[in-house]
1. Under the definition of Cα pairs under 8 Å and six or more residues apart, what whole-number percent is the relative contact order of the range 82-178?
2. Once you've got the GNM for the chain with C-alpha springs shorter than 10 Å, pick whichever of 173, 15, 191 has the biggest mean-square fluctuation.
3. Based on the Kirkwood radius over alpha-carbon pairs, what is the Stokes-Einstein translational diffusion coefficient of the chain at 4 °C with 1.567 mPa s viscosity, in µm²/s?
4. Specify the inter-centroid distance of the range 256-296 and the range 72-134, based on alpha-carbon positions, in whole Å.
5. Mind giving me the FRET efficiency for residue 32 and residue 153? R0 is 30 Å, r the Cβ-Cβ distance, nearest 0.05 is fine.
6. Computed FRET efficiency, Cβ-Cβ of residue 195 and residue 292, R0 30 Å: what is it to the nearest 0.05?
7. Kirkwood hydrodynamic radius for the range 4-77: how many Å is it when counted over pairs of different Cα atoms?
8. Taking 0.36 nm per intervening residue step and subtracting the Cα-Cα distance, what contour gain separates residue 75 from residue 169 on full extension?
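Readers should treat all values here as calculations from the given coordinates under stated rules, not as data from a laboratory. These figures come from a predicted structure and were not determined experimentally. Counting neighbours? That spans all protein chains shown, and the Cβs are built from the backbone with ideal geometry, glycine included.
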Ligand code: TRP
């Protein structure tokens, strides 16, 4: 055991990873890996809450995600990587938390209302979907995490986790910590059509894309509609391509901004340049991934180790929670 603070995040295994995933919670998990004790897990039960009618891809997607995460630099020696569904103590904690969570907290949750509207091709009027945040609270509280790297869209869930923890503590005595969020610099990565980057919008640049694919995707992006000739002054603040420069070239962003404003570089050249920068940043990852898949046993072993470690902590939590409630 260490006295390092605990950092934890969960990840929906929805398929091939793209830049939006990378610059969301993954960058922070990698950046602070040495500083904290880390828990990084794939939330297949959460995936089931929206995919229960077609669950057949969840398992495969999960394994693909683990390979991606390891290839990106999540180090299984210092980060516990695991499958949510391997930790059977999580549903028991979910049950206790659901006893004390008022329905109104869940019904008023903005992500709940939004998703019901957005994912209208799916029937989400289920108990499991309504209680999505309770399951997430259990994920976090089962290891009593201090810090949770998330995207902005997850803030309401984290607030609910704190409210549930507080309620538990006030009913049964001080036990859970109130976890804090860690937001990434890019809380929202724009896709090639200007909307939030998402596989379902067909606007994503995948970590596995080769240079030509990235180049042709970026070439299609709208820059500054008023700019016709390469020498016209541009407006980086409204340009979607510029938002990628902010992600990748933050330290000389002024220079990049000025050359556009002063009409010193045309949009096509500017686009090809950022395509190359993005591709270069992914090249090592792509090579490492190829190596990793040659020995899949390692990947299964990583998940096995993760499970073993986390279940130890989780069963201790459950034991103590039972005692606190008085049903031990
Ligand atoms: N709900 C999160 C998402 O959709 C995933 C998630 C589940 C999570 N459990 C978590 C994130 C616990 C952080 C901590 O992205």
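1. Working: 74 pairs, mean separation 32.2, N = 97.
Reported as a whole number, the value is 33 percent.
2. Among 173, 15, 191, the largest GNM mean-square fluctuation belongs to 173.
3. Details: Rh = 21.4 Å.
Translational D for this selection: 60 µm²/s.
4. 35 Å
5. Details: r = 21 Å, r/R0 = 0.69.
The formula returns an efficiency of 0.90 here.
6. On the way: r = 32 Å, r/R0 = 1.06.
According to the calculation, E is roughly 0.40.
7. Values: mean 1/r = 0.0775 Å⁻¹.
Roughly 12.9 Å, rounded to one decimal.
8. On the way: separation 94, 0.36 × 94 = 33.84 nm, distance 3.40 nm.
Full extension of this stretch gives 30.4 nm more.
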